[in-house]
Amino acid sequence: MERLADEALLAGLGTGDPEIALAFVRRFQRRVFGVAVTVLGDPALAEDVVQQTFERAWRHAQMYDARRGSVRTWLVTIAHNLAIDTIRVRRPLPLDPGDLLELVADISASPEQQSLAREDTAGLRAAIASLPPAQARALVMAGIHGMTAQQIAEFEGIPPGTAKTRSGQPWASCGAPSRKPGSPIMSESSCAQFGAVADELALGVLAGPERARALAHVERCALCAEQVRQRTAVTDGLLGLIPGREPPIGFEGRMTSRLGC
Ligand SMILES: [Zn+2]
């Protein structure tokens, strides 16, 4: 079972085999719990989000598309979206400045410093390490904690405009959008309007009519669609850098019984 590829394990999860479910939970629980507890800052709420994540994976295993990323990235994205939704309803603890600095240090540590770090993360780690500290913090607050420019401004005690610039610039340094020749572009003014909400759309924190307008724009504008694609890739990369964390004692048992195994 330990030798099965991630994709095979996920496909097996849908069949309701208890051994496969346990192997699946064991393989991914540290990673998924690490993301949930980092965003939520509360182990009990994090466990709830991790349980919902595995439940969704179990229910929707057939919706996984290997062309769009690894099983790990897929799970982490589900957990991140659920954690951000939870925090929007009730932010249990204000973001702790010490935790924020520790997280920035963790995700920008070079592979030599991080024995478990994978080679493919070196580029993004280096890009984050080279950012001015205020921008690195803003990137983490926006990309991992799902904070809006307004929330970042309040946290840092800076004007919203400054927060917007700080949280917008790092995206470009970590994966600059490139305009393909001949790609259709909408009018300058509608692209500028879109640019004002692009980060929030890529992070999944944009809601309501603003979200509908933004989605309608990327459907017709290849340049802005590419910008969102690249920002989503940076978010996936950022989430992949969050250190894994051991879930609370007894998690495996609670999880597999919730999956009906
Ligand atoms: Zn556009």
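All of the numbers you see were taken from the coordinates with simple rules; none came from a lab. The structure presented is a predicted model; accordingly, all values stated were derived computationally and were not measured. Glycine gets a Cβ as well: all are built from the backbone with ideal geometry, and neighbour counts include every protein chain shown.
General remarks:
- Treating each Cα of the chain as an identical point scatterer and summing with the Debye formula, the log10 of I(q)/I(0) at q = 0.08, 0.15, 0.17 Å⁻¹ comes to -0.34, -1.15, -1.39.
- Helix-only arithmetic for the chain: the sum of -39500 (n - 2.57) across DSSP H runs with n ≥ 4, divided by the residue total, places the mean residue ellipticity at 222 nm at -21000 deg cm²/dmol.
- Computed over segment 2-157, Kirkwood Rh from alpha-carbon pairs, angstrom: 16.9 Å
- The magnitude of the dipole of the chain, with charges of +1 and -1 set on the Cβ of Lys/Arg and Asp/Glu and taken from the Cα centre, is near 520 debye.
- Note on Met141, Met1: ascending count of other Cβ atoms within 10 Å places them as Met1, Met141, the fewest first.
- With neighbour counts taken as other beta-carbon atoms within 10 Å, the residues Val76, Val35, Val228 rank, fewest first, as Val228, Val76, Val35.
- Over all orientations, segment 221-261 has a Cα convex hull whose mean projected area works out to 4.9 square nanometres.
- Along the chain, the longest continuous region that contains none of the trypsin sites (Lys or Arg not before Pro) in a DSSP loop with at most 12 other C-beta atoms within 10 Å is 4-89.
- With a simple spin-label model that places each label point 7 Å from the Cα along the Cα-to-Cβ direction, the separation between Ala5 and Glu156 comes to 4.3 nm.
- 17 Å cut-off, amide nitrogen to a point 7 angstrom out along Arg72 Cα→Cβ, residues in segment 241-261: 241-247
- Sites excluded, GluC sites (Glu not before Pro) in DSSP loops with at most 14 other C-beta within 10 Å, longest stretch of the chain: 113-261
- Local charge for Trp58 was computed over the other residues whose Cβ lies under 13 Å away, with Lys and Arg +1 and Asp and Glu -1, and equals +1.
- In the chain, Cα pairs under 8 Å separated by at least six residues give a relative contact order of 28 percent.
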